[in-house]
Amino acid sequence: MSLSKGDKHSIAKGAPLRQSLRTSLIAGGITAFLLIFLIGGGGRTPQALITGLFFAAVGGVFTFHILRTGKINNPRLILFISMMLFFTIAFSLYYQVNRGSILLTEAQLESADVPICPITVPFVVPPLVIRGEMIFPASVEALYGIGLFWLGFALLFGRGWCSWLCFFGGIDQACAAAAKRPRLKVESLSRLWRLFPYALLLFLILVALSALYPLYCAWLCPLRIIYDPPAVNTTLEWLMAVIFVSGGIVFLIGGPLLTKKRLYCRLICPLLPANAIIGRLSPFRVKVDRDKCKDCGACEKVCETFSMTKDLRAKGETTMECAKCGRCMDNCPQGAIDYRLIGTNVSVRPIFVSLAVVFNLLIMSGFVMALVHFLLTGEISSFTGG
């Protein structure tokens, strides 16, 4: 594939992944058009049009900036962490306004009125399909809705979901990014730890099938300290709270701050194995150009998910747990790592970036519009699977 004059000029200036002005403008324009169409609804109402134009402008600017500068991680961080913050605020307000507290009470559990998240899908679906039992306190319709929502993005982006679209992943991402340097250096995982998330998911599925019990949600999920803390009235609930808080400190906050790695996302989240396996069908891959690579190891040092290894880099590949965040690309001095079309060496950076920005802002817009509606009316409607 030949390079344009603009691309050759960019490489000569030391920015090998920079795209030409023409490519960057076209991709930014496509991003803006898609956001106007998807969020603005074709301008059916003035409010929809204004919202669509706002997000179109944001998306177009981010896409242009990423492609023109050749740097992807910092703009991605802004989008990804912003999504998490808007979701957290909107989610908490929804609980406070509609059920009077963010605490999960027995009444919500008994009425199956608990919002369901994509993380539950891999271990809640098997008992529903095999034994006809819904083990999570939410409706079957909610499970199907959030399951299809996640599955579509998993098929398109694979583990890219975990660095661009997950509305929970911004927590350990923010803590890992906040650390200027790792105080505890952990640059690789043993085979045992790399397989641990798969073993954990299998265990959770077996418990769900045999005991009809969502063990992860009930006892293990550290995200509950922020999004669904239980009302602490009994000794058992106190014990649960201690486990949630301890897990949150280790895997969401303290661990990432010390290691500059996304420990929850890489070691604990049950969605990792599902995203990684389904992601084998994604059209997008992160590949290493062996003709350019000098084996300096910079990519391994900066990878927050332990997805770049010496052995696989020698083959021009990453592990299938690669979250497509772009840190390795930004830090490769040779510009040897990029987004490629599956089964080829064709660069698809403009396509991947445009789609990732579009869907990030599309999801984020739901949370932002819910907050705007609350400020105007004092009411906030559900925007989750609950």
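The values are calculated or read from the model by the stated rules, or taken from the named source; none is laboratory data. Every value quoted in this text rests on a predicted model; they were computed, and no experiment measured them. Cβ coordinates were reconstructed from backbone atoms using ideal geometry, including for glycine residues, and neighbour counts include every protein chain displayed.
Brief remarks follow.
- Here A142 does not fit the description of being part of a helix (DSSP H, G or I), without any contact (Cβ under 8 Å) to a residue 24 or more places away in the chain and surrounded by fewer than 22 Cβ atoms within 10 Å (Cβ to Cβ).
- With respect to (1) buried (at least 20 other Cβ atoms within 10 Å of the Cβ); (2) over 26 Å from A276 (Cβ atoms), the lone exception for I72 is condition (2).
- Inside region 184-218, residues that are outside any helix (DSSP H, G or I), β-branched (V, I, T) and surrounded by 17 or more Cβ atoms within 10 Å (Cβ to Cβ) make up a count of 0.
- Among the candidates L371, L376, L362, residue that is over 27 Å from E141 (Cβ atoms) and either hydroxyl-bearing (S, T, Y) or part of a helix (DSSP H, G or I) (or both): L376
- Checking each residue in region 127-139 for being surrounded by 17 or more Cβ atoms within 10 Å (Cβ to Cβ) and part of a helix (DSSP H, G or I) picks out P127, L128.
- Some residue of region 87-94 being closer than 30 Å to V348 by Cβ, touching a residue at least 60 places away in the same chain (Cβ under 8 Å) and part of a helix (DSSP H, G or I): yes
- Which listed residue is in the same structural domain as I135 (by TED's automatic domain parsing) and either surrounded by 14 or more Cβ atoms within 10 Å (Cβ to Cβ) or modelled with pLDDT of 95 or more (or both), from A48, A15, A27, A112: A112
- Any hit, region 157-173, residues being within 17 Å of M320 (Cβ to Cβ), polar (S, T, N, Q), in contact with a helix residue (DSSP H, G or I) (Cβ under 8 Å, 6 or more places away or on another chain) and in a helix (DSSP H, G or I): yes
- Take the conditions (1) within 19 Å of Y264 (Cβ to Cβ); (2) out of contact with any strand residue (DSSP E or B) (no Cβ under 8 Å at 6 or more places or on another chain); (3) in contact (Cβ under 8 Å) with a residue 60 or more places away in the chain; Y213 misses just one of them, which is (1).
- Taken over region 247-271, the criterion of being under 21 Å from M329 (Cβ atoms) and under 13 Å from the mean Cα position of the chain (by Cα) is satisfied by R262, C265, R266.
- Selection over region 170-180 of residues that are loosely packed, with under 14 Cβ neighbours inside 10 Å and modelled with pLDDT of 90 or more gives a count of 1.
- Those helices (runs of 4 or more DSSP H) of region 228-289 in which at least 1 residues are of a type in the set (F, W, Y) and free of Cβ contacts under 8 Å to residues at least 60 places away in the same chain, considering only elements entirely within it, cover 235-247.
- Checked against the criterion of being farther than 26 Å from I72 by Cα, touching a Ser or Thr at 6+ places or on another chain (Cβ under 9 Å) and of a type in the set (A, V, I, L, M), the candidates A154, A176, A142 yield just one match: A142.
- The number of residues in region 290-327 that are surrounded by 20 or more Cβ atoms within 10 Å (Cβ to Cβ) and in a helix (DSSP H, G or I) comes to 3.
- When each of R76, R68 is tested for being closer than 19 Å to D330 by Cβ, touching a residue at least 24 places away in the same chain (Cβ under 8 Å) and more than 21 Å from the chain's Cα centre (by Cα), the lone residue that passes is R68.
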